[in-house]
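Student: Encoded as structure tokens, here's the structure I'll be asking about.
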Amino acid sequence: MDFLAMISPNVRVDWWSWRMFPVGDETYWANKDIKLRLRDNGITALTAFFDQAWFSRLWIWQEVRLAPDRVLVVCGSRTISWTDLQTAVYCIHNKLAPSQGYLNESLRSVYSLCNGNSCPPFPILLEQTSHAQCTDPRDRVFALLSMLNRYDPVASIKADYNKDIVGVYSEAAVRFMVYSRHLNILTNIDASRRLPDAPSWVPNWSQPQLTNPFGGYASCGALAVHTDHLAGKLIVSGVQVATIAGAAPFDSRSFTVSTTPNDILSELRRAIKSPLFASILKDRHMAIPMLCRVMCSNKFAHRQRPQNTWKLDMGSCQEFLNHVLFEKEHTTALSSEEIKILDAMTIYCQDRALTKTTDGALTLTPSLTRAGDIVTVLLGCRSTMILRPRPASTEFEIIGEAYTDGFMEGEGLLGPFPPGFEPVHGFDDDVRQPWRKTMDWNTGELHQEDPRLPDSLPSGWERRPHAYDKVDISFVNTTTGEVREGGMDPRLNEENLIAMGVPIQRFTLV
């Protein structure tokens, strides 16, 4: 407790931008690149503290989220305010070395508890609470209701313990998808942990999500328009962009807290050097950048504005992967940058498979993906999704989300970006909001609108100034009064996409 209390006066955390700043002249605590120097007894003490059952209970989320300034944490004769504990947890979480894996595992649920605002959207709150414990799995939904914004589509659900788990989860999922017109909640699905007797499109929130979300922009902000729910079937719209030729699953035993960096390197090398990818690896100059994007979810510093030193460097990642795959075994100690790269690959590859499409693209998919599965872009869904056609049927099962190289930024709907253009992401300190824009590397200019879209808007729509014009655009329908913002562009309506020649089709999910 004394160690935790020592950290908070030296650091200020901005939870909106996930950054920390030094308080005073001492910069050590706020520097993510300088890892904590903890002795074994310090790690043991912190692990024991964070393993306290209180931190893992789902129902205490209401206490700390709805009244954080009034919570006091007491351990023996020592106390610390909840806000000071939040600061200390954020600092430790971002400064831990990978070798301190057991502490990382203990810290995970506490970090989620400390992280964020009191009223996040339902899918984010689900993700944050996935490691919290509750006796009744229906409380995965019911315990969150009081923490949701009253305008959240799920907030109006009434806790009804007469319903079974499938009924509670399907009601929450359908309500969110229909009213928000987003399908991002489907990225919670992994076929390896499906609910018994449930349709494949119903997420299993009774178990923690083992895979880390990719967070792409595959549907470009296009809204789901045909989310029909009939007799246990979900009908959605989208396009098929590829077919899986084969898969090389990673061995999940190689990504536990007890495995060494060399164990992880050996497993990555084994999967990548599978005969399935031999033809791709022949062209090293194409294969290495593609592997970096896929295995690190393309989370690189050059795509962030302003660039953050704690983001991965694409050049370093390519050099590291080239050395691991094509040169001698790694015999020297890993550098801090190499450890950061290996951490990212571990996060995204765990419980997944490296797969190849029939047209030679690489994708990172759920572990149960197999040849014949299809890669889709569903309107309203941020990631590409793997679907499995049912034999002798026009229906599909959801296998889970995927990172598909060349299709994570709307290419499945709008095609590739013009030469020299690339989407970048950032955070505006003035308005405290994230943004996504397109960088023209030829001129150094940032463009608010997607250069692949026509300049003219559909009939009845016009642009209006946005309160946060640095980060967003408002589109208003002058006839209906409908307002779209947050990247939801009226040019991406289904009828407009069809008029542009996009082969939109219906997928019946069972």
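The values are calculated or read from the model by the stated rules, or taken from the named source; none is laboratory data. Bear in mind that the values here come from a model prediction, so they are computed numbers and not experimental data. Positions of Cβ are generated from backbone atoms using ideal geometry, with glycine treated the same way; all protein chains shown enter the neighbour counts. To get the accessible areas, we keep the full protein, side chains included, count just its heavy atoms, and leave off ligands, DNA and RNA. Shrake-Rupley method; radii C 1.70, N 1.55, O 1.52, S 1.80 Å.
Student: With a 1.4 Å probe and all protein chains left in place, how much accessible area per residue does segment 320-372 have, in Å²? Before the final figure, lay out each step's value.
Tutor: Details: 2230 Å² over 53 residues.
Solvent-accessible surface per residue comes out at 42 Å².
Student: Which pairs, out of Lys35/Lys299; Lys35/Lys470; Lys95/Lys273; Lys35/Lys273; Lys95/Lys470; Lys311/Lys356, put more than 29 Å between their alpha-carbon atoms? Present the calculation step by step, with values, prior to reporting the outcome.
Tutor: Working: Lys35/Lys299 21 Å; Lys35/Lys470 35 Å; Lys95/Lys273 33 Å; Lys35/Lys273 32 Å; Lys95/Lys470 32 Å; Lys311/Lys356 27 Å.
Long pairs (Cα-Cα over 29 Å): Lys35/Lys470; Lys95/Lys273; Lys35/Lys273; Lys95/Lys470.
Student: Compute the distance in nm between two label points, each set 7 Å from the Cα along the Cα-to-Cβ direction, one at Tyr28 and one at Lys158.
Tutor: 5.8
Student: Compute the FRET efficiency between Arg284 and Arg305 as 1/(1 + (r/R0)^6), taking r as their Cβ-Cβ distance and R0 = 22 Å, and round to the nearest 0.05.
Tutor: 0.15
Student: Leaving out ligands, DNA and RNA but keeping every protein chain, what accessible area does Lys340 have, in Å² rounded to the nearest 10, with a 1.4 Å probe?
Tutor: Near enough 50 Å² of accessible area.
Student: Run through segment 435-489 and list the chymotrypsin sites (Phe, Trp or Tyr not before Pro) located in a DSSP loop whose Cβ has at most 14 other Cβ atoms within 10 Å.
Tutor: Of the chymotrypsin sites (Phe, Trp or Tyr not before Pro), the ones in loops of segment 435-489 whose Cβ has at most 14 other Cβ atoms within 10 Å are Trp441.
Student: What does the charge dipole of the chain about its Cα centre add up to, to the nearest 20 debye, if the Cβ of each Lys and Arg holds +1 and the Cβ of each Asp and Glu holds -1?
Tutor: Dipole magnitude for the chain comes out near 680 debye.
Student: Mind checking the full-extension length gain between Arg269 and Leu453? Use 0.36 nm per residue of separation minus the Cα-Cα distance, one decimal, nm.
Tutor: 62.2 nm
Student: Still on this model: Just the accessible area per residue of segment 7-151, please: how many Å² with a 1.4 Å probe?
Tutor: Per residue, segment 7-151 has 50 Å² of solvent-accessible surface.
Student: Roughly how many Å² of Ile124 are accessible to a 1.4 Å probe, to the nearest 10?
Tutor: 80
Student: Another question about this same structure. Quick check: convex hull over the Cα atoms of segment 147-201, volume per residue in Å³, rounded to an integer? Numbers along the way, then the final one.
Tutor: Numbers: hull volume 5.2 nm³, N = 55.
In segment 147-201, the Cα hull volume divided by residue count equals 95 Å³.
Student: If each of Arg436 and Lys233 carries a label point 7 Å out from its Cα toward its Cβ, how far apart are those two points in nm?
Tutor: 3.1
Student: Trypsin sites (Lys or Arg not before Pro), restricted to segment 409-510: which are DSSP loop and have at most 15 other Cβ atoms within 10 Å?
Tutor: Those satisfying the criteria are Arg432, Lys470.
Student: Taking all protein chains as present, what is the carbon and sulfur share of the accessible area of segment 252-379, in % to the nearest whole number, probe 1.4 Å?
Tutor: Details: 2950 of 5570 Å².
Carbon and sulfur: 53 percent of the exposed surface of segment 252-379.
Student: In square nanometres, what is the average projected area of the Cα convex hull of segment 1-147?
Tutor: Projected area, direction-averaged: 9.1 nm².
Student: Here is a further query. Arg39 to Asp2: extension gain in nm, 0.36 nm per residue of separation minus the Cα-Cα distance?
Tutor: My answer for the length gained is 11.8 nm.
Student: Now, a different point. How much space per residue, in cubic angstrom, does the convex hull of the C-alpha atoms of the chain take up?
Tutor: Measuring per residue, one finds 170 Å³ for the Cα hull of the chain.
Student: Another one. Can you classify segment 376-431 as rounded, prolate or oblate using the Cα gyration tensor, where a ≥ b ≥ c are the square roots of its eigenvalues, rounded means a/c under 1.5, and otherwise it's prolate if a/b beats b/c and oblate if not?
Tutor: Prolate.
Student: Once the Cβ-Cβ distance between Arg370 and Thr394 is put in as r, and R0 is 25 Å, what FRET efficiency do you end up with, to the nearest 0.05?
Tutor: Efficiency, from the Cβ-Cβ distance: 0.80.
Student: Please state the shape class of segment 121-167: rounded when a/c is under 1.5, otherwise prolate if a/b exceeds b/c and oblate if not, all from the C-alpha gyration tensor.
Tutor: Values: a/c = 2.08, a/b = 1.14, b/c = 1.83.
Oblate.
Student: Still on this model: Taking the simple approach of a point 7 Å from Cα along Cα-to-Cβ for both Thr47 and Leu210, what is their distance in nm?
Tutor: So the two model labels end up 2.2 nm from each other.
Student: If you don't mind, another one. With a ≥ b ≥ c taken as the square roots of the eigenvalues of the C-alpha gyration tensor of segment 403-510, please select rounded if a/c is under 1.5 and otherwise prolate if a/b is larger than b/c or oblate if it is not?
Tutor: Cα axes put segment 403-510 in the oblate bin.
Student: So for the chain: antiparallel DSSP bridges make up what percent, rounded to the nearest 5?
Tutor: Here the antiparallel bridges make up roughly 90 percent for the chain.
Student: Please list, by residue number, everything in segment 489-510 whose backbone N is under 16 Å from a paramagnetic label point 7 Å out along Cα→Cβ of Arg181.
Tutor: Only 489-498 pass the distance filter.
Student: Could you tell me which residue out of Asn188, Gln207, Ala172 lies farthest along the dipole of segment 159-220 toward its positive end? Charges go on the beta carbon: Lys and Arg +1, Asp and Glu -1, centred on the Cα centre.
Tutor: Asn188
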